[in-house]
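Take a look at the structure below.
No lab work stands behind these numbers, since they all come straight from the coordinates. Bear in mind that the values here come from a model prediction, so they are computed numbers and not experimental data. So basically every Cβ, Gly included, is an ideal-geometry build from the backbone, and we count neighbours across all protein chains shown.
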Amino acid sequence: MTTWTAPDGVAIAYDDTGGPGAPMLLIHGFSSNRLEAWKRTGWYAAFSQRGQRVIALDLRGHGESGKPHEPAAYARETLLGDIVGVLDQLGVEWANVLGYSMGARLALGLALEHRERVGYLIVGGVGGQLFEPPLPGDPMAAAMEADSAEAIGEPLLKSFRQFADEQGEDRLALAAFTRARTGTVDRDSLAAIGAPTLVVAGSRDDLAGDPQALADTIPGAKALTLAGCDHFNAIPHGLLKAAVFDFLDGYLDGM
């Protein structure tokens, strides 16, 4: 593990596997971390077998990175600045990018605001639900602040809370993180994405919605639905790896 220190003093932990291939930047989802999302589930090994360099970071508030408890520390531009800061420290001018769920939101932001840093863009665990307004009252933050997972009635929120507990994450930092998220993704702005893009989600992923609905807003983007997968089991699934590698290798060009 190496760290980069952001201008506000927050340390951002990351791994860089090295290797001669085009760098692959991996951005994990909410309440996860680089080791749980990407290493334990076989992504490090799979990319290594392909001769590709992996760069994976713990977003602030997660894993081994710093964990402020103030929502202001998790502004979108700050999170994107952390990602760019890691790339700059490594001297990486551009990378192919794979983001999942919340990490997919950031990957889209990176492709819009730092488009010269993104080669191929893959966003997983997202779809048409990105355009829906957030639920009132910030229930995810409330779930992180609840006394116990058993006190949470909504199954999806309970799953995220249990996952955070299993990973030993700082729940107050996660609550602050989610409170900083406001509004929906601007559908029209995605037309400015120039990177070749794949949108992929499980057929049972109600949190994501239809990947085609998102792909339709990005010029030339392709969409894939993973049969039988939900929001959580898609990450380690061989179907997701096959989709990502087929896209990077050009096998989906005829879609």
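Observations
- Residue within the stretch 156-172 that is more than 23 Å from Asn233 (Cα to Cα), of a type in the set (Gly, Ala, Ser) and without any contact (Cβ under 8 Å) to a residue 12 or more places away in the chain present: no
- Given (1) more than 26 Å from Ser31 (Cβ to Cβ); (2) in a strand (DSSP E or B), number of the condition Asp246 does not satisfy: (2)
- Restricting the stretch 201-255 to residues that are acidic (Asp, Glu) and within 19 Å of Gln52 (Cα to Cα), the residue that is farthest from the chain's Cα centre (by Cα): Asp249
- Number of the exception - Trp94 against (1) touching a Pro at 6+ places or on another chain (Cβ under 9 Å); (2) surrounded by 18 or more Cβ atoms within 10 Å (Cβ to Cβ); (3) of a type outside the set (Ser, Thr, Tyr): (2)
- Selection from the stretch 94-123 of residues that are of a type in the set (A, V, I, L, M, F, W, C), assigned to a helix (DSSP H, G or I) and within 25 Å of Glu36 (Cα to Cα): Met102, Ala104, Leu106, Ala107, Leu108, Leu110, Ala111
- Listed conditions (1) outside any helix (DSSP H, G or I); (2) buried (at least 16 other Cβ atoms within 10 Å of the Cβ); (3) out of contact with any strand residue (DSSP E or B) (no Cβ under 6 Å at 6 or more places or on another chain) are all met by Ile218, apart from (3).
- Residue in the stretch 34-57 that is polar (S, T, N, Q), crowded, with 21+ Cβ neighbours inside 10 Å and either within 17 Å of the chain's Cα centre (by Cα) or assigned to a helix (DSSP H, G or I) (or both) present: no
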